1. When region 87-96 is examined, which residues are found to be assigned to a helix (DSSP H, G or I) and within 16 Å of Pro32 (Cβ to Cβ)?
2. Please state which one of Cys203, Cys173 is in contact (Cβ under 8 Å) with a residue 24 or more places away in the chain, more than 22 Å from Phe47 (Cα to Cα) and assigned by TED's automatic domain parsing to the domain that holds Cys147.
3. Using beta carbons and a limit of 8 Å, which pairs, at least six apart or on different chains, have the first residue in region 69-80 and among the small types (Gly, Ala, Ser) and the second one modelled with pLDDT under 95?
4. Quick check on my filter: what residues within region 168-200 are outside any loop (DSSP other than H, G, I, E, B), over 13 Å from Asp87 (Cβ atoms) and not hydroxyl-bearing (Ser, Thr, Tyr)?
5. Being more than 22 Å from Pro32 (Cβ to Cβ) and of a type in the set (Phe, Trp, Tyr): is that true of Tyr123 here?
6. Take Cys203 and tell me if it is surrounded by fewer than 17 Cβ atoms within 10 Å (Cβ to Cβ) and either modelled with pLDDT under 90 or in a strand (DSSP E or B) (or both).
7. Any idea which of Lys114, Lys82 is surrounded by fewer than 21 Cβ atoms within 10 Å (Cβ to Cβ) and modelled with pLDDT of 95 or more?
Amino acid sequence: MRTGLTVDRNTSVNVYENISKSKRSLFNKPEPFLKWAGGKRQLLDKFEKYFPKKFNNYLEPFLGGGAVFFHLFSTGRLFGKKITLIDSNLDLMNCYRVIKNEIDSLITYLPNGKHRNDENIFYRIREENPNDPVEKAARMIYLNKTCYNGLYRVNRNGRFNVPFGNYKNPLICDTENLIAVSNVLQNVRLIKGDFTECLKYACSGDFLYFDPPYQPISKTASFTGYTSNCFNEKSQERLAEVLKELDRRQCKVMISNSDDSFIKKLYKDFNIEIVKARRAINCKGSKRGEINELVILNY
């Protein structure tokens, strides 16, 4: 058991019983363990016809909740392939690394009495800044499961600032899914860094899926608060140059973005498709209808 973490003994025994049961089911399909604004779970069926039939290795430079990665893995298309997952969000990548390397410690620590669905506890944990990687991962999962709309957002100082969600009974520690995620991450390369890191690893025939912060379609639509660094038009232009370089390398690239004239101009030499998506994070229910999104391909 990990030292330095306070865990109730009875809780620990129950958790390890769950671990033993789950590890006998290594073929549980992993699902995103965090709710992530802009996540692609709702679009996976629509994406099916756009995924390449054949490719060598897989890279995802804006990992987020990982819905596309988990889907491709669960459908067998990543079997035997090298997988590289990248994101610039330090807390997020710490979460993935802890789930990969310290899953027993995480699911022992997470359900303890500290992590309850209580407003006072929520704000106290929100103000904490633990140094221990397992504590940091547990904090992120807890806040994600109990905050408003499951939204991850930070201010300019990099501090999480989403309010309490007031859910009745959220599942804070989904033990079976966390173990399933840990299993599939064992042979995955995890990189905390800018999306340009993919250029160090991408080779001809590889498939890369990009899900960057979307170009805002109105002055009030911008949501780029996953990190303290804003993803602006210059960032979109820099990303387009990376995709053009990958195209020259004969990689297969797929990118999602908003249905915006600026984005269409950036990728005018690519194939552009339109899919319908539901707006999920608007505070007004009436504003959560279907909108157009772009799927941009070089194949």
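The values are calculated or read from the model by the stated rules, or taken from the named source; none is laboratory data. Quick caveat, the model's predicted, so the values are computed rather than measured. Note that we place each Cβ from the backbone using ideal geometry, even for glycine, and neighbour counts take in every protein chain shown.
1. Asp91, Leu92, Met93, Cys95, Tyr96
2. On the way: Cys203 fails: assigned by TED's automatic domain parsing to the domain that holds Cys147.
None of the others qualify; the one that does is Cys173.
3. Here the result reads Ser74/Lys29, each pair linking region 69-80 to a residue that is modelled with pLDDT under 95.
4. Glu176, Asn177, Leu178, Ile179, Ala180, Val181, Asn183, Val184, Leu185, Leu199, Lys200
5. Details: more than 22 Å from Pro32 (Cβ to Cβ): yes; of a type in the set (Phe, Trp, Tyr): yes.
So Tyr123 fits the description; yes.
6. Values: surrounded by fewer than 17 Cβ atoms within 10 Å (Cβ to Cβ): yes; either modelled with pLDDT under 90 or in a strand (DSSP E or B) (or both): no.
No: the conditions fail for Cys203.
7. Numbers: Lys114 fails: modelled with pLDDT of 95 or more.
So the residue among Lys114, Lys82 that is surrounded by fewer than 21 Cβ atoms within 10 Å (Cβ to Cβ) and modelled with pLDDT of 95 or more is Lys82.
Each row is one residue, and each column tells you yes or no for (1) outside any loop (DSSP other than H, G, I, E, B); (2) more than 24 Å from Asn149 (Cα to Cα); (3) at pLDDT below 95.
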position	(1), (2), (3)
Lys21	yes, yes, yes
Ser25	no, yes, yes
Trp36	no, no, yes
Gly39	no, no, yes
Leu44	yes, no, no
Gly65	no, no, no
